[in-house]
Each structure stands twice: as structure tokens, then as C-alpha cells.
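Since every read-out is calculated from the coordinates, none of them should be taken as a lab result. Quantities reported herein were computed from a predicted structural model and do not represent experimental measurements. FYI the Cβ positions are ideal-geometry reconstructions off the backbone, even for glycines, and counts take in every protein chain you see.
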Amino acid sequence: MKFLFFVCMPVMLFSQTYMAKIEPFDNFIIYAQTNGQIVYLDKNDETKVVDKTIIKLDDSLEQKELAGYKIQRRLYEEKLKLLNKNYQKYLQVVGKSAFEKDEKYYQILDLKVTIENLKIQIAQLEDTIAKKQISVNKLYIKAFQANNGDYVTAGTQLAKAYDISHAKLVVFVSRSDYENIGNKKILIDGKHNNAEIYKIDKIQDETMISAYRVELLLQSNDFGKIVEVEFISS
């Protein structure tokens, strides 16, 4: 009599291991949005997370022009009220021709156009003034590329900054790991981690052919460290 023995072996699901570098969640290059001389820039803000105004450009001339335009607008608006009031009275005057009445109305229209142009100039100045003050919200300032007293033009690079509130890993996974990746466990250096999938590219990468770009979020400040990443089926 022959006996057949079946040895039951566990089925192991193997995944690929990917190397990735821990990076800040986001990075920024801060540019000047208008022309002007830098009147405030604190180099002590470098290599720190800051939540404040980091750069100011001189706006003294624009502030004077803005004040002057606002005075003009107020006076023109008062004049417009008087012209409208007088125009209504003028319409009641007997013997005035339509031409004469139209001439009075044209004065009102001209003044309205002047006021609207002033409003545009005021808005433009306020926009320029706002752009002369650069503030950040809890960003890590890597380095400034300008100094106090420098005259900069729009487009000049002023600083490099990073969002280090989270860290991220970018990996290019194979198709087998990409399939149902949202339900897989993530191992970092062979251990369970707080990493979670932040972004999955549904189209294969143009450079890393046949691979899919996946971004992971994790809590870490060990930026620059190279780690091993695995996606394990549950």
C-alpha cells in the first residue's frame, strides 16, 4: 500500500523593496513680485521655521501717492454730488436748450470717468504695496538670496523655503505593487510605520518607464535619510 503525504507550506507573498529619500513635504522659491529696495530682511530667520513677515521692500513713495489719490477721490466725489444737485436744478430752468443741458451732463460724465480711473490707480497702488511685504506661514527658511539694502526687480529670487510639517517619500512602484496598493501595508526599513499614501499617479511615469509614481506622507524630520520601502498585501 502506498501512502501519499501532502506537506502544507504557507504561501508567502513577496514584494519588491524600493529605496527612497526622506524629503520635506513641499519646497518653495520665493520671488520678488515687484521692484524696490529691501528695507527689512533678517538673516537670523535662516534655518528656522518662521510664521511672519520675512522681507519688506520700500513702499514710502507708493504710500504717499496712495494718500494723494485717496484725497483726490474724496474731493472729486464731493464735487460730483454738487454737480448732480445743480444739474437737477438746471433741468428745471426755463429757456435752457437741450444742447446746454447736455453740456452740463457731459461734465458729470467726465468727472465720473476721472473718479473711476482714480479707483483703478488706487487699486493698483494697493496691490503693489501688498506685494512689497512677503510673509510666510510656518515655513522653514533654508537661505536668503538677497540682503538688506539690495534693489530687486520683479522675478528676482529672494529665498528658498520648505514645508517640513510633514515628510514625504517618492517611490516608483512596479505594476504588481501598484495593483490594489491602497489596501497594502507599508513597511519602512522593514518595520510598520505611520506612513500613508498621499498621492498615486494612475499613469505610468514618462522617465521611469513601466513604473507608477507614489508619494507617501510620514512624520519624520530625518530629511535626507535613505530608507527601504515595501508594500505588503494584508
TODO: Evaluate the Debye formula for the range 5-145 with equal point scatterers sitting on the alpha carbons, no solvent, and hand back log10 of I(q)/I(0) at q = 0.10, 0.14 Å⁻¹, in q order, two decimals.
DONE: -0.64, -0.84
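Please state the shape class of the range 60-131: rounded when a/c is under 1.5, otherwise prolate if a/b exceeds b/c and oblate if not, all from the C-alpha gyration tensor. List each step's numbers first, then the result.
Details: a/c = 5.27, a/b = 3.31, b/c = 1.59.
Prolate, since a/c reaches 1.5 and a/b exceeds b/c.
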Open item on the list: What is the angle, in °, between the Cα long axis of helix 60-91 and the longest principal axis of the Cα atoms in the chain? Nearest 10 is fine, range 0 to 90.
Closed with: 50
TODO: Excluding residues fewer than 8 places away in the same chain, name every one of the lysines whose C-alpha is closer than 20 Å to that of K202.
DONE: K168, K184, K185
TODO: Could you work out the Rg to Rh ratio of the range 146-234, with Rh taken as the Kirkwood radius (inverse of the mean 1/r over all Cα pairs)?
DONE: 1.16
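Which value at 222 nm does the chain reach when only helices count, each DSSP H run of 4 or more adding -39,500 (n - 2.57), with the total divided by all residues and rounded to the nearest 500 deg cm²/dmol?
When only DSSP H runs of four or more count, the value is -10500 deg cm²/dmol.
Take peptides 214-227, 69-82, 91-104 and line them up by average Cβ neighbours within 10 Å, highest first, as a rough protection proxy. Show your work: numbers first, answer last.
Numbers: 214-227: 14.9, 69-82: 13.2, 91-104: 9.6.
Ranked from most to least packed, the peptides come out as 214-227, 69-82, 91-104.
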- [ ] With springs connecting C-alpha atoms under 10 Å apart, model the chain as a Gaussian network and identify which of A146, A67, A130 has the largest mean-square fluctuation.
- [x] A67
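Would you mind computing Rg(Cα) / (2.2 N^0.38 Å) for the range 46-90, counting N as its residues? Display every interim value, and only then the final one.
Values: Rg = 21.2 Å, N = 45, 2.2 N^0.38 = 9.3 Å.
Ratio of Rg to 2.2 N^0.38 Å for the range 46-90: 2.27.
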Open item on the list: Tell me the angle of helix 98-131 to the major Cα principal axis of the chain, expressed in degrees between 0 and 90 and rounded to the nearest ten.
Closed with: 40
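If the only charges are +1 at each Lys and Arg Cβ and -1 at each Asp and Glu Cβ, what is the size of the charge dipole of the range 9-149 around the Cα centre, to the nearest 20 debye? Please report the intermediate quantities before stating the final value.
Working: 22 positive and 19 negative charges, 111 e Å.
For this selection, approximately 540 debye.
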